[in-house]
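Following: one structure in structure tokens, then a few remarks.
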Amino acid sequence: MSKMVNKILWFFVALFGACCFCYLALQNGEKVSALYLVVSAVCIYMIAYRFYGRFVAYKVLELDKNRATPARVENDGQNFVPTNKIVLFSHQFAAIAGAGPLVGPVLAAQMGYLPSMIWILIGGVLAGSVHDFLVLFISMRRKGRSLGEMIKDEMGNFTGAVAMIAIFGIMIIIIAILAMVVVKSLANSPWGLFTIAMTIPIAIFMGIYMRFIRPGKVGETSIIGFVLLILAIHYGSVVATDPYWSKIFTFDAPTLAFMIMGYGFISSLLPVWFFLAPRDYLATFLKIGVIVVMALAIVIVMPDFQMPKVNYQYLDGTGPVFAGSIFPFLFITIACGAISGFHALISSGTSPKMLENEEHALLVGYGAMLAESAVAIMALICACILHPGIYFAVNSSSALIGNDLINAAKIISDWGFSVTPQEIMQLTKDIGEQTILSRTGGAPTFALGVTLILHKIFGGVEFMGFWYHFAILFEALFILTAVDAGTRTSKFMVQDILGNVYKPLGNTHNYFAGILATILSVTCWGYFLYQGAIDPKGGIYTLWPLFGVSNQMLAGMALLLVSVILVKMGKKRFLWVTLIPACFVLLVTLYGGVQKILPYEEGAKVRNVVSHIATAQMASKNIEKLENELSELRAQKENLNKKESHFIKQIEEKEQQISNLSHVIFGNILDAILCIFFMLTTLLVIISCIGICMGRIKIPLKESPYIKISSLNAKED
């Protein structure tokens with residue numbers, strides 16, 4: 001009887017979710033509430049975890065609760081530490097949920113809510129969650145080995161060596177971008193910096209409390225940590241208004257860049273139980289708390305989507321927010337909200353070394369990615385409940401709309417999204433900012449959406465400034481936790497590479513080797529971070545467009561590796577689980593990658609903006625033009641034989657423009673070289689995968705020996 005009731009309940013959950021999803025997809029012109037998207041997403045996630053996730057766990061992978069995990073076998077108290085599944089879920093979620101699920105959907109909203117909604121939900125369930133779960137599983141079965149090492153073991157030494165270099169390059173780009181977002185969020189923000197800084201001693205206290213003072217008391221520790229976090233947020237506002245303390249906690253971007261480097265270096269050397277796991281657990285309180293409150297607030301407020309279902313005028317790639325047509329660049333832009341290669345690095349980095357039991361991999365791998373997909377849905381809602389005129393005012397660059405409020409409003413209205421200067425000015429005033437024009441990057445848009453929803457329940461218009469800055473703080477904490485885990489993971493990757501040169505350097509238990517690997521890792525991503533901090537138009541910003549393509553390529557390579565292992569395990573009949581998402585992701589990214597290295601073509605507006613090569617060629621032509629103009633100005637100045645101030649000013653402006661364009665050329669050429677290298681690496685992995693699956697290449701399965709938990713317990717006794 002209970003089984004029948006259970007089936008009936010799940011049937012109605014499926015029916016309810018399907019009705020809401022279809023209503024969103026089929027409505028035509030009339031206003032539609034964001035509530036329908038929240039309900040359909042929750043229903044889809046519930047069904048996915050209960051049925052598809054468990055199918056993969058127990059039919060495809062056959063998880064064994066009696067098999068000892070690397071955390072139990074090694075248990076060194078440093079990197080291999082058996083961790084409570086809820087705490088580890090928090091670590092995984094905090095580590096993978098960086099800038100991507102917040103920024104990507106916001107940018108993709110320029111094409112309307114429907115395309116993004118479909119990819120986030122379907123991609124998250126069938127691609128992203130499967131990807132994270134399976135990579136976590138295969139790493140767990142190989143003593144927590146990294147993705148690059150596993151490719152070398154399972155697909156050959158040459159393929160593995162090339163892949164390890166490419167993966168490390170992608171990882172450096174990802175960490176630098178994540179850190180750059182944090183630096184820009186906290187620069188000259190004493191409130192944000194104080195609160196973020198306070199999470200460090202709070203996390204250390206939680207780690208000591210759970211390990212020594214009250215072992216295993218996760219719930220008790222959670223309450224204490226949550227209360228301390230709320231106090232930190234509250235006193236952050238006090239610090240920001242105090243003349244003395246606000247100066248103490250105010251730093252510019254270059255100084256913060258060095259502070260973030262030092263933070264990444266130290267945090268990656270500390271034991272995971274001492275800082276990393278409790279800090280991520282603490283951050284998850286804020287993350288999941290905000291998302292749950294947002295979902296409940298949407299149920300209460302029921303805001304309507306202001307953005308159209310499909311914004312047809314920008315499907316061809318001519319939109320002002322990001323360049324590129326709906327295929328492939330919508331899928332690349334959304335990135336982490338549906339599937340992300342960065343997650344493979346976390347799932348083969350810190351998390352497999354902390355799993356207490358094999359069966360926990362379902363919650364940690366599949367469940368954490370579903371939670372991140374839910375974050376992406378909330379980010380999409382925040383963007384799409386904004387008036388389109390406001391959305392484009394915030395997300396269009398100053399090169400398109402300028403810095404003048406009246407002119408910007410006119411340009412946006414001419415695009416077909418009517419907005420007045422007064423509307424923009426009033427919203428700016430309500431949130432306590434100087435301007436919202438060209439606040440690109442996604443974070444301010446998400447914060448505005450949060451503010452417009454929560455102020456209707458808590459505090460009214462007077463509290464809009466508080467909610468806006470709270471949301472900005474929330475995003476900074478969201479991203480910084482990914483920098484923690486990313487640095488530790490990159491340390492392991494450096495040790496894997498160095499271990500091929502000198503074996504002792506690959507020993508993760510060797511403290512000197514760990515310090516050396518950490519220094520190399522932080523130096524690499526710190527260079528790009530600092531360049532971005534001192535030069536907003538160069539450095540890290542030139543690498544941002546490459547992030548989407550390389551990140552998805554990495555996900556495709558990870559899925560191919562899992563496919564090879566499934567074949568070796570005798571599970572060919574389940575290959576569709578990995579090959580379907582792998583084929584789609586690789587088609588999207590390789591097609592996008594090719595578009596990024598095409599040469600300049602007259603009249604091909606979208607292609608020329610998307611391509612790194614074309615951008616560099618256009619910048620080179622502009623430099624030639626500016627150099628001719630500069631020569632003429634210098635000649636005129638010499639003929640006048642006196643120092644005219646307007647001549648000097650024009651010459652300085654031209655020289656600065658040439659310098660900026662030189663940065664553009666260097667950055668785009670570097671992007672193109674990296675893109676070509678990443679594509680060649682991907683093709684190499686594809687060839688190896690085909691060869692192994694067809695039986696042409698014979699490489700044995702490299703899985704750790706089976707050790708029963710009971711036998712370990714017997715040894716301990």
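Readers should treat all values here as calculations from the given coordinates under stated rules, not as data from a laboratory. Fair warning: this is a prediction, and the values are worked out from it, not measured in the lab. Every residue, glycine as well, gets a Cβ built from its backbone with ideal geometry; the counts of neighbours run over all protein chains shown.
A few remarks follow.
- Plainly put, region 251-377 has a radius of gyration that is 1.04 times its Kirkwood radius, both from alpha-carbon atoms, as the Rg/Rh ratio.
- If the segment from residue 302 to residue 687 were pulled out straight at 0.36 nm per residue, it would be longer than the present Cα-Cα gap by 133.6 nm.
- Region 455-465 - phi-based ³J(HN,Hα) in whole Hz, Karplus 6.51/-1.76/1.60, Gly and Pro as x: 5, 6, 10, 10, x, x, 4, 4, 9, 4, x
- With contributions of -39500 (n - 2.57) from each DSSP H run of at least four residues, the per-residue ellipticity at 222 nm computed over the chain stands at -22500 deg cm²/dmol.
- C-alpha center-to-center spacing [region 160-231, region 62-116] in angstrom: 14 Å
- Calculated FRET efficiency, residue 188 to residue 463, Cβ-Cβ distance, R0 = 30 Å: about 0.85 to the nearest 0.05.
- The alpha-carbon atoms of region 372-514, seen along their principal axes, cover 65, 37, 26 angstrom, with the largest extent given first.
- Ranked by the mean number of other Cβ atoms within 10 Å per residue, highest first, peptides 316-323, 430-437 order as 316-323, 430-437.
- Volume per residue for region 1-126 equals 153 cubic angstrom (convex hull of Cα atoms).
- Axis of helix 645-693 versus longest Cα principal axis of the chain: the two differ by about 30°, to the nearest ten degrees.
- Against the empirical 2.2 N^0.38 Å (N residues), region 217-270 has a Cα radius of gyration ratio of 1.52.
- Karplus-derived HN-Hα couplings along region 219-227 (A = 6.51, B = -1.76, C = 1.60, θ = phi - 60°), whole Hz, x at Gly and Pro: x, 4, 5, 4, 5, 4, x, 5, 4
- Translational diffusion of region 564-707, µm² s⁻¹ [Kirkwood Rh, Cα pairs; Stokes-Einstein; 10 °C; 1.306 mPa s]: 80 µm²/s
- Normalised radius of gyration (Cα atoms, divided by 2.2 N^0.38 Å) for region 543-628: 1.58.
- Coupling constants for region 245-251 follow from the phi torsions by the Karplus curve (6.51 cos²θ - 1.76 cosθ + 1.60, θ = phi - 60°), and in residue order they are 5, 5, 5, 4, 9, 10, 9 Hz; glycine and proline get x.
- For region 438-527, alpha-carbon Rg over 2.2 N^0.38 Å: 1.71
- Column: log10 I(q)/I(0), Debye, Cα scatterers of region 63-182, q = 0.10, 0.18, 0.20 Å⁻¹: -0.45, -1.26, -1.36
- Compared with the alpha-carbon gap, the fully stretched path from residue 653 to residue 318 is longer by 117.6 nm at 0.36 nm per residue.
- Computed log₁₀ I(q)/I(0) - Debye formula, equal Cα scatterers, no solvent, region 142-219, q 0.13, 0.27, 0.28 Å⁻¹: -0.76, -1.12, -1.16
- The Stokes-Einstein estimate for region 343-439, based on a Kirkwood radius over Cα pairs and taken at 37 °C with 0.692 mPa s viscosity, is a diffusion coefficient of 200 µm²/s.
- Relative contact order (percent, whole number), the chain, Cα cutoff 8 Å, 6+ residue spacing: 23 percent
- Its relative contact order, with pairs defined as Cα atoms under 8 Å and 6+ residues apart, puts region 403-496 at 20 percent.
- Two-site label geometry, residue 66 and residue 245: point separation in nm, points 7 Å out along Cα→Cβ: 5.7 nm
- Each of residue 425 and residue 238 was given a label point 7 Å from its Cα along the Cα-to-Cβ line. The distance between the two points is 3.8 nm.
- Net lengthening on full extension, residue 669/residue 403 (0.36 nm per residue, minus Cα-Cα): 92.8 nm
- FRET efficiency for the pair residue 55 and residue 76, taken as 1/(1 + (r/R0)^6) with r the Cβ-Cβ distance and R0 = 30 Å, rounds to 0.30.
- Those residues of region 107-143 whose amide nitrogen sits under 19 Å from the label point placed on residue 46, 7 Å along Cα→Cβ: 121-122, 125-126
- With the simple spin-label model, which puts each label point 7 Å out from Cα in the Cβ direction, the residue 696 to residue 86 separation comes to 5.2 nm.
- Residues 676, 453, 96, 665, sorted so that the one with the fewest Cβ neighbours within 10 Å comes first: 676, 665, 453, 96
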